[in-house]
Amino acid sequence: MGIFNRKTVGATKQVAHTEDDTHTRILQAAQRLFARHGYEGTTTRDLAATAGVAEGTLFRHFPNKKAILIEVATQGWVEILTDLLTELSEMGSYKAVAQVMHRRMMNLRENADMLRVCFTEAQFHPELRDRIQAEVIVKMTDVAEAFFQTAMDRGTYRRMNPRIVAQVFLGMFTIAGFSHDTLLGENASPKAMQEMAEGLADIFLNGVLAK
């Protein structure tokens, strides 16, 4: 009886693991196809074929194609900004912003498909835009605001509205990442990216007015 129970538990875990893998494959396939062909130009048949699953399996994981689009965009943004703010909160010196931004900008290049989907499709799908606003932007701004408030309390930054500082910082980081190919070119060297990150950090920390 005990052996049967252990086998059943093991089988249940294996099924759950397989379901998670399938879910991830569907999202990865959607990210690639939406980036290349657009949301409207991608069918659920295309998604299922690229993910290597039956179309019925796809609908077992998601109620419709729009749900897939929303999860691709929101999950991708949460991961990117969570990594950014985790690094920001753990760094030893507040002036290490340049290094943080450089590493995050390098990672944005790896997420080019997700970013392309997000920027393109959010213009046409208000519900996607609202989800990103509610589940990503507001939450990440809250975390960044707390970080900058702590820095001000320590005397590292001058006193000002910490929420505005958080919005400016996240805005600079986001636009730099989205505009990477425009600002630096598709084959920009690591040195060029480092200079861009340091320039953004310098402007953020010191402004642009001559002393």
Those trypsin sites (Lys or Arg not before Pro) in the range 116-158 that DSSP places in a loop and that have at most 16 other beta carbons within 10 Å
Arg154, Arg158
Karplus couplings for the range 39-52 from phi (6.51 cos²θ - 1.76 cosθ + 1.60, θ = phi - 60°), rounded to Hz, Gly and Pro as x?
5, 5, x, 10, 9, 5, 5, 4, 4, 5, 5, 5, 7, x
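Rule-based calculations on the coordinates, nothing more; no lab input. All figures in this text were calculated on a predicted structure; none of them were measured in a lab. Every residue, glycine as well, gets a Cβ built from its backbone with ideal geometry; the counts of neighbours run over all protein chains shown.
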